[in-house]
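Student: First, the structure itself, so that you have it in front of you.
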Amino acid sequence: MAITGVGLFGFIIAHLLGNLLVFAGPAALNEYAKKLHDLGPLLWVARLGLLGMVGLHIWSAIKLTAANKQAREVPYKSDVLPVDGHRRDDIAVKFAARTMIFSGLIIVAFAFYHLAHYTWKVPQINGIHDDFETYYVQADMVTSANFTEGEQGKNPVDVYRMVVTGFKVPWVTGFYVISVALLCIHLSHGLSAMLQTLGIKNKNTEKWVDKGAVIFATLLFLGYISIPLSIIFEFVKLK
Amino acid sequence: MGKLLNLKLRVWRQDNAEDSGRFEEYDAKGVDTDMSFLEMLDVVNEDLLEDGKEPIAFDSDCREGICGTCSMVINGTPHGGQKGTTACQLHMRQFSDGMTITIEPWRASAFPVQRDLVVNRSAFDRIQQSGGFISVRSGSVPDANATPVAKEDADLAMDAAQCIGCGACVAACKNASAMLFVAAKLSHLSLVPQGQPERERRALAMVQKMDEEGFGSCTVTGSCEAVCPKEISLDFIARMNREYGMALIRKGTV
């Protein structure tokens, strides 16, 4: 869980940094997208690696949960009174830790939607009349050396226009913000648990690990939602 | 004499390991608030004996919070939820008149219920036997300052060595994981020079034994730390994971 967690966390940071280029304007974002696509086979290595890590993360979650259920075949019959009126599982357990499975499942559902939306560009689910496949780059790349006019259905796609149009749809942005919030709740427990499992937490770092996980998760949340919200409120718009 | 309480007890009764068990209700009348929880059970048991009924079976030994024998889940929390104490150190003044108190045994597949509130905790003994010892021949009693130990290490080792092996960590954990117990035992020995020669072998053997015994895994919820009568820190689990990881690497298993 922890090792695949590290990999997925790395992706989440890299993805955010790439996405934030939307604030640098269409040229910067489109060039970044083109460079990614130009990696060719390397991009597929990264994609498959990522898919593998998601798979392993889920597989180990299922395996662990099954083993953990088996470790207590006869459940408790009584409820917790002194700590709180909630289930006994909740002795000192924070909301984020209790809901890892639910936040995880919703994140998976969102990830599928997000891929269908922007990577596979399924026109039926983007909430607008346009097909993103028709958004090919015209003359917005930074350096003219990198500029090749896109053709319909081929790269380079005008990612900037796709993102700005895509997040104009309120329910798309709503789903995005909720999912990212869940992702960051997942991470607020996941990050500290990851460091704990890898044994990196010690006497000197313990104070910072738990707080750091929450702070980092909050920063990621703010970073991610800044994009669709800027688009909805028209701080970022098409030229 | 303190105040007198009238309480209702809902106690788990189970005739033997095979029995499916059930809750039975008893009245505990005139309970002195200065009694410990176990003394209250003793009084209830005497009443049961007088009525010709079978007394409630429960484990207890030192009754001063150092042996780790008394094991019961009181109102859903191992040892009753008073911070840093065992069930025998819990006093009846913590309860209010007319209250219903539910008492259950530890519940974990690795700790099968033997009878009523008594569970078999020999899985812990087997983990200890797999590596929780030092077998360096030390000869006659060494001088106190013959083997220097840094103050910080000694303090930390003592924190870990406080573990009395009561099993409350397993009882509280939603995964019935024994990691806090194993982490405490492992850290206590690996922090001092006497434990160094077998450090890697110990880490591998104890973690492996823990898994074999059918305890769950740690999902870092912190329940164990919250109920531990000796307030052993969750950080020891990180230390154990590090010990185990380093041992795997050094032994060339990974």
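Student: Modelled with pLDDT under 95 and away from every other protein chain (no Cβ under 14 Å): is that true of residue A:221 in this structure?
Tutor: It is false that residue A:221 is modelled with pLDDT under 95 and away from every other protein chain (no Cβ under 14 Å).
Student: Mind counting the residues in segment B:168-206 that are crowded, with 24+ Cβ neighbours inside 10 Å and either under 21 Å from residue B:71 (Cα atoms) or under 18 Å from the mean Cα position of the chain (by Cα) (or both)?
Tutor: Matching residues across segment B:168-206 total 20.
Student: Which of the residues spanning segment A:221-239 are farther than 13 Å from residue A:177 by Cβ and of a type outside the set (Lys, Arg)?
Tutor: A:234, A:235, A:236, A:238
Student: Let me ask another. From B:87, B:57, grab the single residue that is in contact with a Leu (Cβ under 9 Å, 6 or more places away or on another chain) and more than 30 Å from residue B:161 (Cβ to Cβ). First the steps, then the outcome.
Tutor: Numbers: B:87 fails: more than 30 Å from residue B:161 (Cβ to Cβ).
Of B:87, B:57, the one residue that is in contact with a Leu (Cβ under 9 Å, 6 or more places away or on another chain) and more than 30 Å from residue B:161 (Cβ to Cβ) is B:57.
Student: Something else now. Within segment A:97-115, can you find the residues that are surrounded by 15 or more Cβ atoms within 10 Å (Cβ to Cβ) and more than 14 Å from chain B (Cβ to nearest Cβ)?
Tutor: Hits for segment A:97-115 are A:106, A:107, A:110, A:113, A:114.
Student: So, residue B:152, is that one open to solvent by 70 Å² or more (accessible area, probe 1.4 Å), within 14 Å of chain A (Cβ to nearest Cβ) and charged (D, E, K, R) or not?
Tutor: Spelling it out, residue B:152 is indeed open to solvent by 70 Å² or more (accessible area, probe 1.4 Å), within 14 Å of chain A (Cβ to nearest Cβ) and charged (D, E, K, R).
Student: Another question, then. Counting just the residues of segment B:119-136 that are within 20 Å of residue A:72 (Cβ to Cβ) and of a type in the set (Gly, Ala, Ser), which one comes out surrounded by the fewest Cβ atoms within 10 Å (Cβ to Cβ)?
Tutor: Filtering segment B:119-136 for residues that are within 20 Å of residue A:72 (Cβ to Cβ) and of a type in the set (Gly, Ala, Ser), the one surrounded by the fewest Cβ atoms within 10 Å (Cβ to Cβ) comes out as B:122.
Student: If you don't mind, there's one more thing I want to ask. Going through B:123, B:57 one at a time, which residue ends up being of a type in the set (Gly, Ala, Ser), in a loop (DSSP other than H, G, I, E, B) and at pLDDT 95 or above? Spell out the reasoning first.
Tutor: Values: B:123 fails: in a loop (DSSP other than H, G, I, E, B).
After ruling out the rest, the residue left standing is B:57.
Student: Let me ask something additional. In segment B:212-224, how many residues are open to solvent by less than 20 Å² (accessible area, probe 1.4 Å) and touching a strand residue (DSSP E or B) at 6+ places or on another chain (Cβ under 7 Å)?
Tutor: Of the residues in segment B:212-224, 2 are open to solvent by less than 20 Å² (accessible area, probe 1.4 Å) and touching a strand residue (DSSP E or B) at 6+ places or on another chain (Cβ under 7 Å).
Student: Pick from B:80, B:76: which is touching a strand residue (DSSP E or B) at 6+ places or on another chain (Cβ under 6 Å), at pLDDT below 95 and buried (at least 22 other Cβ atoms within 10 Å of the Cβ)?
Tutor: Result of the check over B:80, B:76: B:80.
Student: Having 3 or more residues that are farther than 17 Å from residue B:231 by Cβ and modelled with pLDDT of 90 or more is the bar; report the helices (runs of 4 or more DSSP H) wholly within segment B:143-214 that clear it. Explain how you work it out, then say what you get.
Tutor: Values: elements: B:151-161, B:168-172, B:179-190, B:199-212.
Qualifying helices (runs of 4 or more DSSP H): B:151-161, B:179-190, B:199-212.
Student: Examine segment A:30-40 for a residue that is closer than 21 Å to residue A:180 by Cα and exposed (fewer than 13 other Cβ atoms within 10 Å of the Cβ), and state whether such a residue exists.
Tutor: There is no residue in segment A:30-40 that is closer than 21 Å to residue A:180 by Cα and exposed (fewer than 13 other Cβ atoms within 10 Å of the Cβ).
Student: Inspect segment A:66-74 for any residue being farther than 26 Å from residue B:112 by Cβ and either of a type outside the set (Asp, Glu) or at pLDDT below 85 (or both) and give the result as yes or no.
Tutor: No, every residue in segment A:66-74 fails to be farther than 26 Å from residue B:112 by Cβ and either of a type outside the set (Asp, Glu) or at pLDDT below 85 (or both).
Student: Among residues belonging to segment A:200-209 that are in contact with a helix residue (DSSP H, G or I) (Cβ under 6 Å, 6 or more places away or on another chain) and surrounded by fewer than 22 Cβ atoms within 10 Å (Cβ to Cβ), point out the one that is nearest to the other protein chains (Cβ to nearest Cβ). Full working, then the answer.
Tutor: Taking segment A:200-209 as the starting set, the residues that turn out to be in contact with a helix residue (DSSP H, G or I) (Cβ under 6 Å, 6 or more places away or on another chain) are A:201, A:206, A:209.
Applying the additional criterion that residues be surrounded by fewer than 22 Cβ atoms within 10 Å (Cβ to Cβ) yields A:206, A:209.
Details: A:206: 5, A:209: 9 Å.
Checked segment A:200-209; the qualifying residue nearest to the other protein chains (Cβ to nearest Cβ) is A:206.
Student: When you go through B:65, B:98, B:30 one by one, which is the residue that is open to solvent by less than 20 Å² (accessible area, probe 1.4 Å), away from chain A (no Cβ under 11 Å) and at positive phi?
Tutor: None of the others qualify; the one that does is B:65.
Student: Could you grab me the full set of residues in segment B:225-243 that are more than 8 Å from chain A (Cβ to nearest Cβ), open to solvent by 20 Å² or more (accessible area, probe 1.4 Å) and either within 30 Å of residue B:143 (Cα to Cα) or not in a loop (DSSP other than H, G, I, E, B) (or both)?
Tutor: B:230, the sole residue that qualifies.
Student: When the residues of segment B:1-27 are narrowed to those that are out of contact with any helix residue (DSSP H, G or I) (no Cβ under 9 Å at 6 or more places or on another chain), in a strand (DSSP E or B) and more than 14 Å from chain A (Cβ to nearest Cβ), which ends up least open to solvent (accessible area, probe 1.4 Å)?
Tutor: The selected residue is B:6.
Student: Further question on the same structure: From the residues in segment B:76-95 that are polar (S, T, N, Q) and touching a residue at least 60 places away in the same chain (Cβ under 8 Å), which one is nearest to the other protein chains (Cβ to nearest Cβ)?
Tutor: In the first step, residues of segment B:76-95 are kept if they are polar (S, T, N, Q); the result is B:77, B:82, B:85-86, B:89, B:94.
Those still in the list that are touching a residue at least 60 places away in the same chain (Cβ under 8 Å) too: B:77, B:85-86, B:89.
On the way: B:77: 6, B:85: 12, B:86: 15, B:89: 15 Å.
Selected residue: B:77.
Student: A further question follows. Please go through (1) within 14 Å of chain B (Cβ to nearest Cβ); (2) under 25 Å from residue A:20 (Cα atoms) for residue A:197 and return the number of the only condition it doesn't satisfy.
Tutor: (2)
Student: Any residue in segment B:206-218 that's within 9 Å of another protein chain (Cβ to nearest Cβ): show its pairings with residues that are surrounded by fewer than 19 Cβ atoms within 10 Å (Cβ to Cβ) at Cβ separation under 8 Å, as long as the two are six or more apart or on different chains.
Tutor: Qualifying pairs under 8 Å: B:214/A:70; B:214/B:109; B:216/A:67; B:216/A:70; B:217/A:64; B:217/A:67.
The values are calculated or read from the model by the stated rules, or taken from the named source; none is laboratory data. Since this is a predicted model, take the numbers as computed values, not measurements. In this analysis, Cβ positions are derived from the backbone assuming ideal geometry, glycine residues included, and neighbour counts consider all displayed protein chains. The protein model used for the area step is the full one, side chains on, heavy atoms only, and it has no ligands, DNA or RNA in it. Shrake-Rupley method; radii C 1.70, N 1.55, O 1.52, S 1.80 Å.
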